[in-house]
1. Please report the antiparallel percentage of DSSP beta bridges with both residues in region 267-357, rounded to the nearest 5.
2. Fewest to most neighbouring Cβ within 10 Å: what's the order for MET161, MET258, MET113?
3. Please arrange VAL240, VAL109, VAL168 by counting, for each residue, the other beta carbons lying within 10 Å of its beta carbon, fewest first.
4. Roughly speaking, what % of Cα-Cα pairs in region 93-225 are separated by over 16 Å, rounded to a whole number?
5. Give me a comma-separated list of calculated 3J(HN,Hα) values for region 263-275, in order, Karplus coefficients 6.51, -1.76, 1.60 applied at θ = phi - 60°, integers in Hz, x for any Gly or Pro.
6. Output ³J(HN,Hα) for region 106-123: one whole-Hz value per residue in order, computed from phi by the Karplus curve 6.51 cos²θ - 1.76 cosθ + 1.60 with θ = phi - 60°, and x for Gly and Pro.
7. Which pairs in the list LYS265/LYS311; LYS262/LYS329; LYS123/LYS311; LYS156/LYS329; LYS82/LYS329 are over 31 Å apart, alpha-carbon to alpha-carbon?
8. Given q = 0.25 Å⁻¹, what are the Debye log10 I(q)/I(0) values for region 75-157, with equal point scatterers placed on the Cα positions and solvent ignored?
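Coordinate-derived values only; no laboratory data. The shown structure was predicted, so the numbers you read here are calculated from the model rather than taken from an experiment. Please note: Cβ atoms are built from the backbone with ideal geometry, for glycine as well, and neighbour counts cover all protein chains shown.
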Amino acid sequence: MSWFRKAKKDKKIQPLPQATVDADAPKIPPTSDFPHPTAEETPAGSAAGVNDRSDPSRPGYLKRLKNRLFKTRQTFADGFDKILAGKKNIDQDVLEQLEELLVTADIGVQTAMDLVQRIAASKTASVDQMKTVLKEEILAILKTESAAPSPLSPPKPQVVMLVGVNGVGKTTTIGKLAAAAAQSGQKVLIAAADTFRAAAVEQLNIWAARAGAEIVTHRAGTDPAAVAFDSVAAAMARDVDVVLIDTAGRLHTKVNLMEELKKIKRSVAKKLPGAPHEILLILDATTGQNALSQAKLFDDALGLTGIVLAKLDGTAKGGIVVRICSTLKIPLKYIGIGEKIEDLQAFDAEHFVNALF
Ligand SMILES: Nc1nc2c(ncn2[C@@H]2O[C@H](COP(=O)(O)OP(=O)(O)OP(=O)(O)O)[C@@H](O)[C@H]2O)c(=O)[nH]1
Ligand SMILES: [Mg+2]
C-alpha cells in the first residue's frame, strides 16, 4: 500500500502539545524517548527518518527489523545451536528437532511438518544448505499472500478503518500510520470513533499532534458511527488525503462490538460510496493462536482488507507471521516493532525471512 509513501520528506514531527492527560490515560512513550537514528538507519536527505523506515526499499529497514526481532532471532539461534551441535550431516534426529524448533517459534504444527518434509525431500546434506532451503521454503509461503497492488489513482480521501480487540495496538498504529502519511506529504485526518473512554480520545489527541494530523472528536459516549460520518464529511470538505478511523476494542465475543463496527462501516459508505477503502485488523503478535481466531471473526463480520501485526518486538515466537500468511487469506500489510511513532514497517517477505536467522 503506497498511500503514505509519496516522496516528500521535509516535514518534522510536531512537538508534543501541553495536553492535560486523564489519570486513566494509557501510557504513551514521550517524544524525547525517540531514539536518534544512526547514520546507517537514516537515508541521506531524510529530515527525521520516520516515514523512511516503514518503506522496505529504504536503507536501514533490515537492520532495524533484525534488531527488533531480537527475541525471535534468539529462539532460532539457540535452537540451531542445540540441534546442530556436533552434527555435520542432516539426519532424522536433526529433522525431528528442527520440526520442534519451528513449532516453538509458533510457525504452526502443520506448516512445520510440511517444511521439514520439503527439507528431507531436497536431500540437503549440509547445515548451511539446510538453512538456505528453509529460508526459501518460508519465503514461498509468505509470498503467496502478498499485498494487493495499490490502485493507480487512489480515491481521495482514502478512508482506512482500524479494528481489533482490546489493547492490541490500534491507537498506537493509527499514530504511526498518521505520522508516516504526514511525513510523505499527505494531509491526514484521524477520526476518534472510540468514544467509550474519555482517555481514548485524549490518547489519540496526543498521537495526532505528534504526527501532524487533524483530528475529529466528539464527546465521550457519542455514537461512534456519527464520529466516523462527520470525519469523512470533514475530510471531503478539507481536501484531506487519508482518513484513519480509530475504533473501540472490547472483546470480540461480544456481538455488540461487531454490530457497532458494521454500523461505522455503513455510515462511512453513506457519506462516501466505496469507503472504507481499507479495513485493517490489528493483531497482537504475542497472543498466538488467539490472534488467528480473532482474524476469522473480524473478517466474517467486516471483510478485512489487511492485517497489521503489532508487538513483534515483544515475542520470541515471531514465526506467527508465517502462520498468519499460511492460514489466513488476508494480506499482512504492516508490522509493529516497538511503541514509538517510527516503529511501523510495511511488511516485506524477503526482508522478514532474512531477519529471522
Ligand atoms: N512493544 C510494542 N508495544 C506496542 C506496539 N504497538 C502498541 N504497543 C503497546 O500496546 C499497548 C496498547 O496499545 P493501544 O494502541 O492503546 O491499543 P488499542 O488497541 O488502541 O487499545 P484499546 O483502545 O484499549 O482497545 C500500549 O502500551 C502500546 O504502547 C508494538 O508494536 N510494540
Ligand atoms: Mg485504542
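1. Numbers: 3 of 11 bridges.
Just about 25 percent of them are antiparallel.
2. The most exposed by this proxy come first: MET113, MET258, MET161.
3. So the ranking, lowest neighbour count to highest, is VAL109, VAL240, VAL168.
4. Numbers: 6417 of 8778 pairs.
Cα-Cα pairs of region 93-225 separated by over 16 Å account for 73 percent.
5. Karplus values, whole Hz, x for Gly and Pro: 5, 4, 4, 5, 5, 5, 5, 5, 7, 9, x, x, 8.
6. Computed from phi, the couplings for region 106-123 are 6, 6, x, 4, 5, 5, 4, 5, 4, 5, 5, 4, 5, 5, 4, 5, 6, 6 Hz.
7. The answer is LYS123/LYS311; LYS82/LYS329.
8. -1.33
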